[in-house]
Amino acid sequence: MTDTLEELMLNPVIRALFWGLVMVTAVMTVTAWTTWFERKFAGRMQSRMGPTLVGPAGLLQPLADAAKLLQKEDLIPDSADRFLFNLAPILTVGFALGVAAVVPFTPDILAADLDVGVLWLLALSGLMVFPTWLGSWASNNKYSLISAMRAVAQGISYEVPMVLAIMVPVIMTGTLSLSDIVADQVKNGWLIYRMPFTGFFAFLVFFLAGLAEANRIPFDIPEAESELVAGPTTEYTGMKFGLFYMAEYIHTLLSSAICAAVFFGGWDGPFAPGLHWMLAKSVLLFVFLTWVRWSFLRFRSDQLMDICWKYAVPATLALIPITALYTVWHGGAR
Amino acid sequence: MIERLLFGAVSTVLVFTALMAVTTRNLVHAVLWLGMTLATTAMLYILLQAPFLATLQLILYTGGVLSLMLFGVMLTRRSSEQDGVMVGNESNGRRRALPIVAIMLGLLVTAVGRTPLANAPVSPSPTTAEIGKRILSTHLLAFELLSVLLLAAMVGAIVLARRKDASLEGTNDPRERAAALPGSRPAGAPKEV
């Protein structure tokens, strides 16, 4: 039995399907409980309890939320573009989950070991603005449309420092494949502290851009509930709204996993199996993200653009030549 | 066999989405159909075992060009209109388009027919590193010229988009800012500031 199973797994199509299924299930399940974690965390930061009623310590709250969302009436505005309105939530989760395909958890747990994994990542994060835009435009709601313009502007702007920042690890390791980047770090040390120390600053910029791409506080200008009702999701009800919400969490979770893989050595670590290290690093980064989210206030639009174009872009533009010169000086990428 | 079937499916979708992009009357839908066309082209590259080209197609065209187009549509269209901007005068457009299409088709068919196609098998090795090396050795001059061209275009865009009135540079009053934007005053109204 095991022989045939192993033979089956050698078939690339079966293997891809299997890991795709595993990844989607795992990510969706974890996502549900990150909402619990975030609410608990936010509660404690604000001297509240967070969810306590459903299950022990409110642990069953995500299930209750899902049941509530499924029961809600599915409203579609009369003047909405029905097809695009329904398409947008599906696409937003689809694009967010697509990132999971290239996240290297361990050398074996990896859905698709793409030769161009880094580019795939950038392509998907570039596409992320479309579902937001689609949903907002199709709702035919003026608040949604304003938020769509903000979302597209923010998405395009932060794409630039993101691309430039991730070029630093690419130059240092000499590969575009995410699993090779991690393998290189296992051999030569994590990029976050490796000489010429540009990895650390690249990480900061990449992290910032990831926050902005996920529209998380302090970059939630497109959502801005105090000005725009709820931004793109104003007209959405029930599970369609839930999907937008889910996509935001998936995006955040996966970007912390990617930061852990690209800058913190992924599965590298003593004593414990690689998967444990990778997950621990990702979770720590996610906690850090949540901490940032509940500590800061929303930026103004002009501050947002200032941070991107006056600080992040010039900083990464300086980092790239430094890294390249250092790498060439020391005989190319190892 | 499977490759041929896949190619057939992908190219059918490609032609269909391209046709939809030019025939649909709703400008936003047209842009989105175009997006589908560009994404399907990326699939074609994947079938041709060129993953680098495919992801670049997704980043540059589907991610970059399309969001710029959406920007253009959003900034030029009045959002209160129910079903989008109607494009073109149909009968007039068709009369003009037909000869152009005929000429283009003729050129393409002759070009494809006269090009000797290489029958060499596709190299299965990863091509990304090879492309990088070629760009920075064999095609260095073209690469550098293109970057200069892009830089010039970027500087040009900034010059065009700069606010005309230098006295308003750096003001934070929203009313002054609004007044300084082109098109915010009714046509023919005297300039206030």
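Miscellaneous remarks
- Which numbered condition residue A:226 misses (of (1) touching a Lys or Arg at 6+ places or on another chain (Cβ under 9 Å); (2) small (Gly, Ala, Ser); (3) modelled with pLDDT of 80 or more): (3)
- Within segment B:12-47, the set of residues being among the small types (Gly, Ala, Ser), touching a Leu at 6+ places or on another chain (Cβ under 7 Å) and surrounded by fewer than 19 Cβ atoms within 10 Å (Cβ to Cβ) comprises just one member, B:21.
- Qualifying residue in segment B:108-128 (condition: within 14 Å of chain A (Cβ to nearest Cβ), on the phi < 0 side of the Ramachandran plot, at pLDDT 85 or above and surrounded by 10 or more Cβ atoms within 10 Å (Cβ to Cβ)): no
- Unmet requirement for residue A:30, which otherwise passes all of (1) touching a residue at least 24 places away in the same chain (Cβ under 8 Å); (2) under 19 Å from residue A:113 (Cα atoms); (3) of a type in the set (Val, Ile, Thr): (2)
- In segment A:126-142, the count of residues that are under 25 Å from residue A:14 (Cβ atoms), of a type in the set (D, E, K, R) and surrounded by fewer than 24 Cβ atoms within 10 Å (Cβ to Cβ) is zero.
- Residue in segment A:274-291 that is of a type in the set (D, E, K, R), out of contact with any Pro (no Cβ under 9 Å at 6 or more places or on another chain) and farther than 25 Å from residue A:36 by Cβ present: no
- Cβ-Cβ under 9 Å pairs, at least 6 apart or on other chains, segment A:113-128 side more than 22 Å from residue A:244 (Cα to Cα) and more than 8 Å from chain B (Cβ to nearest Cβ), far side among the small types (Gly, Ala, Ser) and surrounded by fewer than 24 Cβ atoms within 10 Å (Cβ to Cβ): A:113/A:177; A:113/A:179; A:117/A:101; A:117/A:177; A:117/A:179; A:118/A:177
- Among the residues of segment A:129-176, the one identified as outside any helix (DSSP H, G or I) and either away from every other protein chain (no Cβ under 11 Å) or β-branched (Val, Ile, Thr) (or both) is A:175.
- The set of residues in segment A:91-112 being within 14 Å of another protein chain (Cβ to nearest Cβ) and among the β-branched types (Val, Ile, Thr) consists of A:99, A:102.
- Flag if residue A:258 is out of contact with any Cys (no Cβ under 8 Å at 6 or more places or on another chain), closer than 21 Å to residue A:36 by Cα, in a helix (DSSP H, G or I) and of a type in the set (Val, Ile, Thr): no
- For segment A:51-87, the set of residues classified as of a type in the set (A, V, I, L, M), within 14 Å of another protein chain (Cβ to nearest Cβ) and outside any loop (DSSP other than H, G, I, E, B) consists of A:84, A:87, listed by residue number.
The values are calculated or read from the model by the stated rules, or taken from the named source; none is laboratory data. In this text, all values refer to a predicted model and were calculated from it rather than measured experimentally. Note that we place each Cβ from the backbone using ideal geometry, even for glycine, and neighbour counts take in every protein chain shown.
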